[in-house]
């Protein structure tokens, strides 16, 4: 079972996420390498928003390959280079997650693996057996 909580003795989440998810019982875990906004042919859009959308789509494809869904995500860590409008970022992530609320961290970094990359997302997912 996965139990989501926002403890009353700390601040409420500042975006659509939860502070903690407790996992009990028999489960199958999936850990993804950082997903980037790269097309299957190796091309990378210049725009950070396009990269964010593509990285999230790559996460969805990885989940599907493992017979999982977005609702199985327990943790997302976003690494972003440069500035991205917060409302636009929240809308894109919200569209991806729907009503699912995983744990989430967002970090702005100076650079990623190559200069053309502006977005990378680490993902953990868990599915009950």
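Where a number appears in this text, it was derived from the coordinates with a stated rule and is not lab data. Just so it is clear, the structure is predicted and the values come from calculations on it, not from any experiment.
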Taking square-rooted eigenvalues a ≥ b ≥ c of the alpha carbon gyration tensor, is region 18-129 rounded, prolate or oblate, where a/c under 1.5 means rounded and, failing that, a/b exceeding b/c means prolate?
prolate
Across 111, 50, 86, the residue with the highest GNM fluctuation in the chain (Cα network, 10 Å cutoff) is 86
Which one of 106, 80, 54 has the biggest mean-square fluctuation once the chain is modelled by GNM with Cα springs under 10 Å?
106
Test of understanding: what is the full-extension gain from residue 5 to residue 111, defined as 0.36 nm times their sequence separation minus their Cα-Cα distance?
34.9 nm
Expressed as a percent, the portion of alpha-carbon pairs in region 64-106 spaced more than 14 Å apart is 55
So what's the angle, to the nearest 10 degrees on a 0 to 90 scale, between helix 86-97 and the longest Cα principal axis of the chain?
60
What residue among 12, 39, 20 shows peak mean-square fluctuation when the chain is described by a Gaussian network model with Cα springs under 10 Å?
12
With the 8 Å Cα cutoff and a minimum separation of six or more residues, region 1-51 has a relative contact order in percent of 28
Where the centre of each part is set by its Cα atoms, how far does region 2-64 sit from region 73-129, in angstrom?
6
Counting helices only, and only those DSSP H runs with n ≥ 4, report the 222 nm mean residue ellipticity of the chain as the sum of -39,500 (n - 2.57) divided by its residues, in deg cm²/dmol to the nearest 500.
-7500 deg cm²/dmol
